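The values are calculated or read from the model by the stated rules, or taken from the named source; none is laboratory data. These numbers were taken from a predicted model, which means no experiment stands behind them. Every residue, glycine among them, receives a Cβ derived from its backbone with ideal geometry; neighbour counts consider all protein chains shown. For the accessible areas, the whole protein counts, side chains as well, though only heavy atoms, and no ligand, DNA or RNA atoms are used. Shrake-Rupley method; radii C 1.70, N 1.55, O 1.52, S 1.80 Å.
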Amino acid sequence: MNGPLTDAVDLTLLEPVLARYHGRSRSALLPLLHEAQALYGWLPRDIQQAISRTLRVPLADVHGVVEFYTMFYNQPTARQVVRLCSDVACTLNGADDVATAVESKLGLKPGATSEDGRFTYERVPCLGMCEHAPNGLNGTRPAGNLTPAAVDAFLAGTHPEPEARLYGTTLLKLHRIGKIDPTSLKDYLAHDGYVGLRRAMGYTPEQIIQIMETSSILGRGGAMFPLGLKWKFTRAAPGHPAEKHVIANADESEPGTFKDRAVLEGDPYSLIEAMSLAAYVVGAANGWIFVRGEYPRAYQRLGHAVQRAQEEGYLGRNLFGRQGFHFDIEVRLGAGAYICGEETALFEAIEGKRGFPRIKPPFPTTHGLFQQPTVINNVETLIAALTVARVGVEEWLRFGTNESAGTKWFCLSGHVERPGLYELPFGVSIRELIAMGGGIRAGHEIQAVLIGGAAGVFVGPDKLDAALTYEDARLQAFPIGSGVVMVFDETADMRHVLYQLSHFFAHESCGKCFPCQIGTQRQMEILRRVAHSHTAQPGDRATLLDVGFTMTQTSLCGLGQTAASAITSAIKLWPELVAVQAVGAQGTQLPNRKHLRRNHKDSR
Ligand code: SF4
Ligand code: FES
């Protein structure tokens, strides 16, 4: 349907789809909206009404969901949306030039649809492929390392698709990626597939929990909650297996974070096996993978893997000859809302609602998805547990330090020669990681490093020898978070970087609570002015610190609690970023970058 867009909607296209969904509950809302939008390119009122009747969800609620998720449209768009990343790592690597080329080629500004209905063009937050920056998505086809010269191929859909770039000294958890065909269960089985789960099933669930506690795996999504404890609480929660859930949180959406994508696309069966292990331990029959909407390729590969596992008896009833061990998985596609990475917002999304975080307690271990006992783990956390099951806890403990056992995936991006995903034993320093990444570009020097992602903190060159461990992170007051290490050389305009981070949080705040809803806006307004007009007003710094403090202390969920973290860290380290300098009649002006460079050198 590539003709001009009109408001006329022929519902006959949708009827076979609706028939398949007939009788299902509200939790089918997101998948049904995705299917409807794939047919029409957008979700006009007539379609929302038909969906509302089919799932028996009030029309106002359907509309509320469509409004909430940025990848659902209630205005006409092309069926194929061209998205260009406008976030930090891509901007550092020339995303603005690529955008200019796309805009001139299409004759469109961001948010617009071409007259012929072929292209809708958007600039979007991080697409989770920062090691290939600058990046774009043409419909469901990802593209990396874009240049203005590559724009024709990108728009034609012929630009090569990027694969994950893996590095590291210890590929314990990434050992299969690139060596197997991710669509082949046979290949997976030939490369240690299901060795971990079969070994684990020689133990009781209680013994496995003990092994996980000894292995000291902390949540790798950033929250750092001990895995063993989470599994223990969920196992202990009352409920039949049919009333318990295992969820893989594959909604990584934070600028600079691209670690889970490698497994989702390159080794999807390992996630299924890891979730089956969790299900065996906690006694759950239902599995869910919630993958971000910007990972269409991962979604396809996961969907295929789940289907093959079902066909071959690796998912379903009485698994591995064990009576009563039933476990199946449904893959759910997000629709462009960073907040859905927050565990309770993710439950709401699967339940077919807007992704508003819930107040905790009660906690997911007893009141999770559908208010039932739920274990929800980040993808890397699940793979870490499976690795322990496969290699044994003694082998696992050979890596890392006393307090930080095993390996961690680090997402190295920004101004480095070899950006990519590095699996390393805990204990490598920031400087060593950057050196492994080929260092920064010749003739340049490090200005700042962002650790832990948009919700992390900036450190200066004086902190490069800090080790990437939980204990050193605590000591040096930076979070390991999801493993982001983004490097900025002296050419980066740090004011613009801060504005981009603030823009991200203002864009992604769900609006449920005031400190975050208003605070992220205020923060962005100030930093936009500072970045764009290079004018700081007296009081800007104090206001930013005050807004940051208020959000941190009073926001409902982790997004608001960390939305000021990186910004506050930067302006504490480098007050000149938002300092006012009197320059006579022209008003006020910020110090230039040369001044900032000198200041960094002085601070070493
Ligand atoms: S802190 Fe922000 S994202 Fe979290 S609930 Fe409040 S408004 Fe929503
Ligand atoms: S993909 Fe562009 S910043 Fe991550």
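Among the conditions (1) open to solvent by less than 30 Å² (accessible area, probe 1.4 Å); (2) within 16 Å of ligand 2 (Cβ to nearest atom); (3) farther than 23 Å from Cys340 by Cβ, Ala101 misses just one, which is (2). Filtering the stretch 191-241 to residues that are open to solvent by less than 60 Å² (accessible area, probe 1.4 Å), under 22 Å from Leu346 (Cα atoms) and small (Gly, Ala, Ser) leaves Gly219, Gly221, Gly222, Gly228, Ala237, Gly239.
Contact map, the stretch 317-343: first residue on the phi < 0 side of the Ramachandran plot and surrounded by fewer than 22 Cβ atoms within 10 Å (Cβ to Cβ), second residue among the basic types (Lys, Arg) and modelled with pLDDT of 95 or more, Cβ cut-off under 7 Å, separation 6 or more or different chains; pairs are His326/Arg317. The condition (being of a type in the set (Gly, Ala, Ser), farther than 20 Å from Phe258 by Cβ and touching a residue at least 60 places away in the same chain (Cβ under 8 Å)) is satisfied by just one residue among Gly196, Gly111, Gly219, Gly128: Gly196. Of the residues making up the stretch 160-190, not one is on the phi > 0 side of the Ramachandran plot, open to solvent by 60 Å² or more (accessible area, probe 1.4 Å) and touching a Ser or Thr at 6+ places or on another chain (Cβ under 9 Å). Only one entry of Ser482, Ser509 meets the criterion of being buried (at least 22 other Cβ atoms within 10 Å of the Cβ) and within 16 Å of ligand 2 (Cβ to nearest atom), and that entry is Ser482. Scanning the stretch 150-159 for residues that are surrounded by fewer than 18 Cβ atoms within 10 Å (Cβ to Cβ) and either touching a His at 6+ places or on another chain (Cβ under 7 Å) or farther than 22 Å from Thr100 by Cβ (or both) yields one hit, Ala153. Of all residues in the stretch 507-533, those that are farther than 16 Å from Phe356 by Cα have Cβ atoms under 7 Å from Cβ atoms of residues that are open to solvent by 70 Å² or more (accessible area, probe 1.4 Å) and within 16 Å of ligand 2 (Cβ to nearest atom), 6 or more apart or on another chain, in Met524/His503. For the stretch 514-558, the set of residues classified as within 12 Å of ligand 1 (Cβ to nearest atom) and aromatic (Phe, Trp, Tyr) consists of Phe514 only. The residues on offer are Ile289, Ile339, Ile329, and the sole one that is among the aliphatic types (A, V, I, L, M) and within 16 Å of ligand 1 (Cβ to nearest atom) is Ile339. Does Glu254 fit the bill of being within 16 Å of ligand 1 (Cβ to nearest atom), charged (D, E, K, R) and modelled with pLDDT under 95? It is true that Glu254 is within 16 Å of ligand 1 (Cβ to nearest atom), charged (D, E, K, R) and modelled with pLDDT under 95.
Note on the stretch 267-292: among residues that are open to solvent by 10 Å² or more (accessible area, probe 1.4 Å) and not aromatic (Phe, Trp, Tyr), the one that is farthest from ligand 2 (Cβ to nearest atom) is Gly283.
Between Leu433, Leu424, which is assigned to a helix (DSSP H, G or I), of a type in the set (A, V, I, L, M, F, W, C) and away from ligand 2 (no atom under 15 Å from the Cβ)? Steps first, answer last, please.
Values: Leu424 fails: assigned to a helix (DSSP H, G or I).
The match here is Leu433.
Being open to solvent by 10 Å² or more (accessible area, probe 1.4 Å), free of Cβ contacts under 8 Å to residues at least 40 places away in the same chain, in a loop (DSSP other than H, G, I, E, B) and within 30 Å of Thr552 (Cα to Cα) holds for only one residue in Asp472, Asp465, and it is Asp465.
Residue by residue, here is whether (1) under 30 Å from Ala506 (Cα atoms); (2) of a type in the set (A, V, I, L, M) holds:
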| site | (1), (2) |
| --- | --- |
| Ile430 | yes, yes |
| His444 | no, no |
| Gly453 | yes, no |
| Asp462 | no, no |
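Taken over the stretch 123-158, residues that are farther than 27 Å from Phe505 by Cβ, assigned to a loop (DSSP other than H, G, I, E, B), within 15 Å of ligand 2 (Cβ to nearest atom) and out of contact with any Asp or Glu (no Cβ under 8 Å at 6 or more places or on another chain) amount to 1. Screening Leu501 against (1) more than 16 Å from ligand 2 (Cβ to nearest atom); (2) surrounded by 18 or more Cβ atoms within 10 Å (Cβ to Cβ); (3) in contact (Cβ under 8 Å) with a residue 24 or more places away in the chain leaves a single unmet condition, (1).
Reported count of residues in the stretch 237-291, each being over 17 Å from the mean Cα position of the chain (by Cα), over 22 Å from Arg199 (Cβ atoms) and charged (D, E, K, R), is 2. Highlighted here are the helices (runs of 4 or more DSSP H) found entirely within the stretch 188-236 that include at least 2 residues which are under 24 Å from the mean Cα position of the chain (by Cα): 227-236.
Here the condition is being open to solvent by less than 30 Å² (accessible area, probe 1.4 Å) and basic (Lys, Arg); of Arg529, Arg495, Arg541, it holds for Arg495 alone.
Entry remark, the stretch 25-74: residues being open to solvent by 40 Å² or more (accessible area, probe 1.4 Å), within 23 Å of Trp288 (Cα to Cα) and without any contact (Cβ under 8 Å) to a residue 24 or more places away in the chain number 1 in total.
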